[in-house]
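Below is one structure; the comments refer to it alone.
Where a number appears in this text, it was derived from the coordinates with a stated rule and is not lab data. Quantities reported herein were computed from a predicted structural model and do not represent experimental measurements. Cβ placement follows ideal geometry from the backbone for every residue including glycine, while neighbour counts extend to all protein chains displayed.
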Amino acid sequence: MLSTINPVLKLEGRQLENDWKVVKRLPIPGEVGAEGKTGGNFSVGYIVEKAGKQAFMKVFDIANAFAAPPERIAFELQRISTAYLHEKDLLELCRSANLDRIVQVLDSGTIADGPHPPLFYLIFEQADRDIRAALGALSTIHDAWKLKRLHQVAVGLAQLHRHKVAHQDLKPSNVLLFEQANEGAKIADLGRASRVGKEAEHDAFMIAGDPSYAPPEQMYGFRAPDWVDRREACDLYHLGALMCFLFSGMSPTVGVISILGRGMLPVPFGPWQGGYQDALPFLTAAFTKFMAELKPQLPEWCRQELFELIQTACHPDLSKRGDPAARKMVGRPVGIDRYISRLQLLAKKGEIQARLASKDNAKGNVA
């Protein structure tokens, strides 16, 4: 991507529709300030402002389309347009249904001038930061804070699932925090989401989201025929992976792969050419070992409860993933509501633990 020829990188100072003004472009991969950040390969971020209020703008990047062979440029531009409309429609659904745990879109539109094709953009409410950045910036974060954010994310997934939408790319950088507004955590980026009855190009991808958080069945090329197993069980795996990340800094996908070794990785990640069912005994053994190594890193006061949540949410065997009681019900739901209840209860217990610890510290200081 060459900044000298890419109009997506040259929008600072522009006046947009509905009185939005482009204030500042955010760093893209390869630039100072973008270190350690994920995403941004298909869009460019900006800070925009209207009536003194700032927001985040996502502009769909057309550079990759022009890097294609000449005969494919029109096709690639059409793909970008389709992706924009897909995400815009999903966001409008979330806004009209008042899904308060999904980052809300404020505006959308196109920038059409000069020799380049129209540039598509979406404008969102601006977060303080993502949850990954919060962990890096704060030296101490109470267990209750983590559990409350996990509960809020689980609520967001349930809101999407009730409208037959699966996120498909939940990861730390897609969990945004609105602490100053006292709104907690919200789920961002529906660019890879799936919706019943509304097929998108990425629905055909074996791994729609970040491979480092992909559930095992996707890694090994298995496409479950049932929506719940194919989409909602993937979201649940990502929720479990977020639990792992908040308490250990690691994704279970990365952990299991490191235990398996490269020889067991499927094509194109490694040389192994077996299928999901062939790999399942090895995946299960590696996952069991990973969980045994993870358990001591979990807070002692809620170790067993959190261990069980992660184990059922991230189990490599789809038939065992999800709340065991819920999976026995008609339709075999993953039981996201049960995870919500248990995380809410743990968060409340965590607040009690934090208050007790604070009192103990105060007594120690007086002594």
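Can you compute the modelled spin-label distance between SER319 and GLN180, with each label point 7 Å from Cα toward Cβ, in nm?
Once both label points are built, they end up 5.2 nm from each other.
If you project the alpha carbons of the chain onto the principal axes, what extent comes out on each, in Å, largest first?
Each principal axis gives a Cα extent; for the chain these are 65, 61, 40 Å.
Just to be sure I understand: of the beta bridges DSSP finds with both ends in the chain, what percent are antiparallel, rounded to 5?
95 percent
Rg (Å, one decimal) plus Dmax (Å, integer) for the alpha carbons of region 231-367?
Looking at region 231-367, its Cα Rg and Dmax stand at 18.1, 65 Å.
Dipole magnitude of the chain about its Cα centre, charges +1 at Lys/Arg Cβ and -1 at Asp/Glu Cβ only, in debye to the nearest 20?
880 debye
Which FRET efficiency value, to the nearest 0.05, is calculated for GLU293 and ARG95 with the Förster distance at 45 angstrom and r the Cβ-Cβ distance?
Calculated transfer efficiency: 0.60.
Past 19 Å, Cα to Cα: identify those pairs from LYS10/LYS186; LYS171/LYS289; LYS186/LYS328; LYS146/LYS348; LYS186/LYS320, in the order given.
Over 19 Å Cα-Cα: LYS10/LYS186; LYS171/LYS289; LYS186/LYS328; LYS186/LYS320.
What does the extension gain come out to for ALA357 and LYS10, with contour length at 0.36 nm per residue minus their alpha carbon separation?
Contour length minus the Cα-Cα distance gives 119.8 nm.
Could you tell me, in Å, what Rg and Dmax come out for the Cα atoms of region 54-213?
In order Rg, Dmax, the Cα atoms of region 54-213 give 17.1, 55 Å.
In degrees, nearest 10, range 0 to 90: what is the angle between the Cα axis of helix 276-294 and the longest Cα principal axis of the chain?
70 degrees
For region 168-208, take N as its residue count and report Rg(C-alpha) divided by 2.2 N^0.38 Å.
After normalising by residue count via 2.2 N^0.38 Å, the value is 1.47.
Tell me which aspartates and glutamates have Cα within less than 13 Å of LYS24's Cα, excluding those fewer than 8 residues away on the same chain?
Within reach: GLU12, GLU49.
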